[in-house]
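The values are calculated or read from the model by the stated rules, or taken from the named source; none is laboratory data. On a predicted model such as this, the values are computed, not experimentally measured, just so you know. Heads up, the Cβs are rebuilt from the backbone with ideal geometry, glycines too, and the neighbour counts pull from every protein chain shown. Just so you know, the surface numbers come from the protein's heavy atoms only, side chains and all, with ligands and any DNA or RNA stripped out. Shrake-Rupley method; radii C 1.70, N 1.55, O 1.52, S 1.80 Å.
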Amino acid sequence: MKLGLGAKHEAFRQEVRSFLADAMTDDLKQAGAGMTSVYSDYETTLKWHKKLHAQGWVAPGWPVEHGGTGWDIVERYIWQSECAAAETPSLSPMGVGMCGPVLIGHGNQEQKDYFLPRILSGDDWWCQGYSEPGSGSDLASLQMAAVEDGDDFICNGTKIWTTHAQHANWIFCLVRTDNSDIPQRGITFLLIDMTTPGITVDPIVMLTGEHIQNQIFFEDARVPKKNAVGKIGDGWTVAKYLLQFERGNAYAPKLHGHLNKVRTMAATESGRDGSALISNPEFRAKLDQAEIDITAIEFTEHRVLSELSQGGAPGAASSMLKTRGTEMSNRITELAVEAMHHYIAPFQPHMTSPGGPVLEAPAVSANETAIGPDYGTTVMPKYLNDRAGPIYAGSNEIQRNIMAKAVLGL
């Protein structure tokens, strides 16, 4: 049995490596290596987005007729793996990864013709309006109201934990247009221009000082009915379709990359006995078990990519991948903390590339260096940020309920 790449795919991998070698400028390399969040900052993300758009590679998962690459399952996985190895900055998932697939699957022709090219080019920057102060994983309890008024909706309410809303010019929102039935009915999927009068964005600053998330207030914001995606009142169907793409991201390539970095740390850093940590049988066993578990995730992702390549949707597998992927990422950050031991203590976010500005971060002088090895500055911030993974996009407890119902019939 031959498990290596064939000539076609090996040539594609070399093409990808050549592109990344040219496209990854020093500032992008620094930003990618210094990431502590699942997001890059807005300026870095947009720069990387524009480069990929110019290459025609910004939306590998889209159909060719809408601007996709036409890559097969192996080529898409090679792309993800090589990006992980090169530590490229992340793209914002809100437009290309979420709103775009929803419009392709549920939007009308006018919406596709207008929004899809602007998502591809980066001219429209999207944020997601799902969670509310009283509605997170129990999303069907959302209360943001949209009352019909002629050809418009009048929107009142609030959305919270809205990533990069301070930069977005559009938001896709779940709003309540009817209260007369069960909570899942009467919800509408609505596209809202962020410059609409009556919209206010307030920052939510993390304990680490980063401004990534926001709360948005809607006060008598008038939105055209033509901006509803799918049928009015049937937004829950659209939302479930979107969440499959949000939860079904490819985790394995980045997990492999993060684990390899931990192996490098363990080979460099000393344990309590003064020898390299990698020589500790107990720690090495943790690394090996993590490798096995990531490979299991990888094989599941291959099956999902195969389904997507045939026009299908991730289905319940997206919940499985979200659960296992985020929990595996948590475990790797724990191994990184163990590998770096006392070097994790200094708080130096100004030496990293978080997903947004760090308010009141100290200025970095030209001759300033990090405390400890450079590769250790992201370990503790990444560990802390990663704790959110099992909560966002629907908590992992909710995902297990979905799997129990959809797969086991419980």
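Annotation: lysines with alpha-carbon distance below 22 angstrom to LYS382 (same-chain offsets under eight excluded): LYS29, LYS254, LYS261, LYS286, LYS322.
Overall dimensions of segment 7-58, expressed as equivalent-ellipsoid semi-axes from the Cα gyration tensor (√(5λ), whole Å, largest first), are 23, 13, 10.
If the chain linking ASN179 and VAL147 were pulled fully straight, counting 0.36 nm for each residue of separation and taking away their Cα-Cα distance, it would gain 10.4 nm.
The alpha-carbon atoms of the chain define a convex hull whose volume equals 161 cubic angstrom per residue. For the pair GLN55 and GLU110, label points projected 7 Å from Cα toward Cβ lie 3.7 nm apart. The trypsin sites (Lys or Arg not before Pro) of segment 1-63 that meet both conditions, a loop assignment by DSSP and at most 12 other Cβ atoms within 10 Å of the site Cβ, are LYS2.
Say R0 is 41 Å: what FRET efficiency, to the nearest 0.05, do THR196 and ASP138 get from their beta-carbon distance?
My answer for the efficiency is 0.90.
Within segment 79-97, name every residue whose backbone N is under 13 Å away from a label modeled 7 Å from Cα of LYS29 along the Cβ vector. In segment 79-97, the label zone of LYS29 (backbone N under 13 Å from the point 7 Å along Cα→Cβ) covers 86-88. With a Förster radius of 45 Å, plug the Cβ-Cβ distance of SER121 and ASN401 into 1/(1 + (r/R0)^6) and report the FRET value to the nearest 0.05. Calculated transfer efficiency: 0.70. Contact order, relative form, for the chain: 17 percent (alpha carbon pairs under 8 Å, 6 or more residues apart, mean separation divided by residue count).
In the chain, what percent of the accessible surface is made up of carbon and sulfur (1.4 Å probe, ligands and nucleic acids excluded)? Reported share for carbon and sulfur atoms: 54 percent. In the context of the full set of protein chains, residues of the chain present 47 Å² of accessible surface per residue (probe radius 1.4 Å, heavy atoms only). On full extension, the segment bounded by ALA296 and THR268 gains 7.3 nm, given 0.36 nm per residue less the C-alpha separation.
Angle, helix 42-55 long axis vs. longest principal axis of the chain, Cα atoms, 0 to 90°, nearest 10? The answer is roughly 90 degrees.
What do you get for the angle between helix 396-406 and the principal long axis of the chain? Use alpha-carbon atoms, 0 to 90 degrees, nearest ten. With rounding to tens, the tilt is 70 degrees. The length gained by stretching the chain between ARG17 and ARG303 to full extension, at 0.36 nm per residue less their Cα-Cα distance, is 100.5 nm.
Seen against the Cα atoms of the chain and their longest principal axis, helix 235-247 is set at about 10 degrees. Under 17 Å of direct C-alpha separation, and excluding same-chain neighbours fewer than eight residues apart, LYS405 reaches these aspartates and glutamates: ASP138, GLU397. Sequence-ordered 3J(HN,Hα) estimates for segment 108-122 from the Karplus curve with 6.51, -1.76 and 1.60 and θ = phi - 60° stand at 7, 5, 4, 5, 5, 5, 7, 7, 4, x, 6, 5, 4, 6, x Hz, glycine and proline given as x. When only alpha carbons are used to place a centre, segment 282-358 and segment 60-91 end up 18 Å from one another. Take the Cα of ALA7, go 7 Å toward its beta carbon, and the backbone nitrogen atoms of segment 64-96 under 20 Å from that spot belong to 72, 74-75.
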